[in-house]
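Visitor: Dropping the structure in here first, questions after.
The values are calculated or read from the model by the stated rules, or taken from the named source; none is laboratory data. Since the structure is predicted, the reported quantities are computational estimates derived from the model, not experimental observations. For neighbour counting, all protein chains shown are included, and Cβ atoms are generated from backbone atoms with ideal geometry for every residue, glycine included. What goes into the accessible areas is simple: the full protein's heavy atoms, side chains included, and nothing from ligands, DNA or RNA. Shrake-Rupley method; radii C 1.70, N 1.55, O 1.52, S 1.80 Å.
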Amino acid sequence: MGGCFSKPKPVEVKVELSLLEKEKEVDGLSPNGKASPFADCRPNGALAHSSDEDSMLLPLNHNSRDFVEASVCHVKDLENGQMREVDLGCGRALLIKQHGEFSAMAHKCPHYGAPLVKGVLSKGHVRCPWHGACFSTVTGDIEDFPGLDSLPTFQVRVEKDKVIIRANKQALQSQKRSKPMSRCSAVINSNTGFSHVLIIGSGPAGLVCAETLRQEGFTDRIVMCTMDIHPPYDRPKLSKSLESTAEQLRLRSMDFLQDHDIELLKEKEVVAVDVKTRSVTFEDGLRMEYRKLFIASGSKPKPMNYKGKDVRNVFHLRTPEDANSIARLANNKNAVIVGTSFVGMEVAAALTDKAHSVSVIGIEPVPFKKALGEKVGKAIMKLFETNRVKFYMLNEVSEMIGQHGQVFRK
Ligand SMILES: Cc1cc2nc3c(=O)[nH]c(=O)nc-3n(C[C@H](O)[C@H](O)[C@H](O)COP(=O)(O)OP(=O)(O)OC[C@H]3O[C@@H](n4cnc5c(N)ncnc54)[C@H](O)[C@@H]3O)c2cc1C
Ligand code: FES
């Protein structure tokens, strides 16, 4: 997150619910062909003043029962640059005031549900307080990852100095919105080894590439291949929640991919790319030609140079299976973690209440030295030590010696 953002002052939430009855009343009047009270609203829900007379009219082609409308505060309750979570009776929304104009959108981050009101509002963007996803306050579109989905926006107007939000009930409940996507219209013989776009890797980079192509209206074939046995999942969560299954970590289901004609080839390792013939070869000998190739194969943990590589129960954390095995095997045993940056320290934190003991080995004098500096590293080290974590710093592993061929044995 950049340091240019200014944090809005916290404000108290005062809510008045109203207007649903009015909406019911005018339901029968709606097909009059007149302009909606929201015709003056900008598509982002930015403020437009309207008269009482206007508010008796309903938007065309919208079933008013699908909408909720509530007066949520006085115009002066919010300063410019402030956000407030408000209740509309059947769900909450985030009300935003910038340059004298109000806008409203979902209040929860679609990534893991962080309260956006605790995030940072700056220059038409809200940044999530937990992992930094960024959303436009104009469209609700996601503009920076992590996360894949956008936020629904709601209409806002002011009547007699009251701020009124009108929201689609379903959008208010779901709190998220996928951008519309095209489908494949090319005639495909899936037995032929040709794809217009071939993506190596189904991590966030590969998946976002495939979804963005469909969101931009790409209608040719997209094939995405992975060495994984699962559909795309949230790899960063592995070190924070060792027991989560691939299903719990799933980013998109196979049904979602099928619905958008994104073909996923699982357990399919690419062993060669020939850019002259525009083709790749898979480990099983199959070949696939492509028009465009996107290589999103991620990175691998740095290999360690030590004796005793045949010792079992040593894991590089990359997959849900690795994480689950670590959690299972470390239970009431002595766990040793090599590496003192984010992944290593997150695993140490996750194991403190599971393992009999947790020891951490690092080549630096303190954890996080490169990322956060020595002072912060020292403070974090102390915190871990008070939670029974033992550090072996300025050290490297030269040999793994197992008992009965395994480590993690007491
Ligand atoms: C335990 C852990 C915790 C993390 N925590 C965080 C965090 O808190 N915050 C953060 O920002 N980042 C975190 N990261 C890093 C983050 O996961 C990566 O930056 C991100 O996954 C990179 O995405 P990617 O799509 O480039 O590659 P990856 O997610 O690594 O995906 C690579 C894909 O390429 C495929 N592939 C590779 N080679 C081949 C081949 N030859 N043939 C076919 N397919 C191939 C793989 O099977 C996989 O599908 C963490 C990583 C780990 C391992
Ligand atoms: S919860 Fe918002 S980015 Fe993760």
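Visitor: Sort out which residues of region 143-158 are within 15 Å of ligand 1 (Cβ to nearest atom) and in a strand (DSSP E or B), and write them in order of number.
Guide: Of everything in region 143-158, just one residue is within 15 Å of ligand 1 (Cβ to nearest atom) and in a strand (DSSP E or B), namely Asp144.
Visitor: I would also like to ask the following. Can you tell me which residue in region 218-236 is farthest from ligand 2 (Cβ to nearest atom), limited to those that are open to solvent by less than 20 Å² (accessible area, probe 1.4 Å) and of a type in the set (Val, Ile, Thr)?
Guide: Val223
Visitor: Can you tell me which residue among Gly124, Gly206, Gly217 is at positive phi and within 21 Å of the chain's Cα centre (by Cα)?
Guide: Gly124
Visitor: From the residues in region 97-142 that are more than 24 Å from Ser71 (Cα to Cα), among the aliphatic types (A, V, I, L, M) and assigned to a strand (DSSP E or B), which one is nearest to ligand 2 (Cβ to nearest atom)?
Guide: Restricting to residues being more than 24 Å from Ser71 (Cα to Cα), among the aliphatic types (A, V, I, L, M) and assigned to a strand (DSSP E or B), the top hit is Ile142.
Visitor: I've got another one for you. Got a sec? Which of Tyr290, Tyr306 is touching a residue at least 60 places away in the same chain (Cβ under 8 Å), more than 16 Å from ligand 2 (Cβ to nearest atom) and surrounded by 17 or more Cβ atoms within 10 Å (Cβ to Cβ)?
Guide: Tyr290
Visitor: Here is a list of conditions, (1) in contact with a Leu (Cβ under 9 Å, 6 or more places away or on another chain); (2) more than 16 Å from Ser178 (Cβ to Cβ), and Leu207 meets all of them except one; can you say which number that is?
Guide: Among (1) in contact with a Leu (Cβ under 9 Å, 6 or more places away or on another chain); (2) more than 16 Å from Ser178 (Cβ to Cβ), Leu207 violates only (2).
Visitor: Among the residues of region 200-217, which ones are crowded, with 18+ Cβ neighbours inside 10 Å and over 30 Å from Gly344 (Cβ atoms)?
Guide: Ala210, Glu211, Leu213, Arg214
Visitor: Do you know which of the residues in region 163-198 that are modelled with pLDDT of 95 or more, under 30 Å from Met288 (Cβ atoms) and within 26 Å of the chain's Cα centre (by Cα) is surrounded by the most Cβ atoms within 10 Å (Cβ to Cβ)?
Guide: Checked region 163-198; the qualifying residue surrounded by the most Cβ atoms within 10 Å (Cβ to Cβ) is Leu198.
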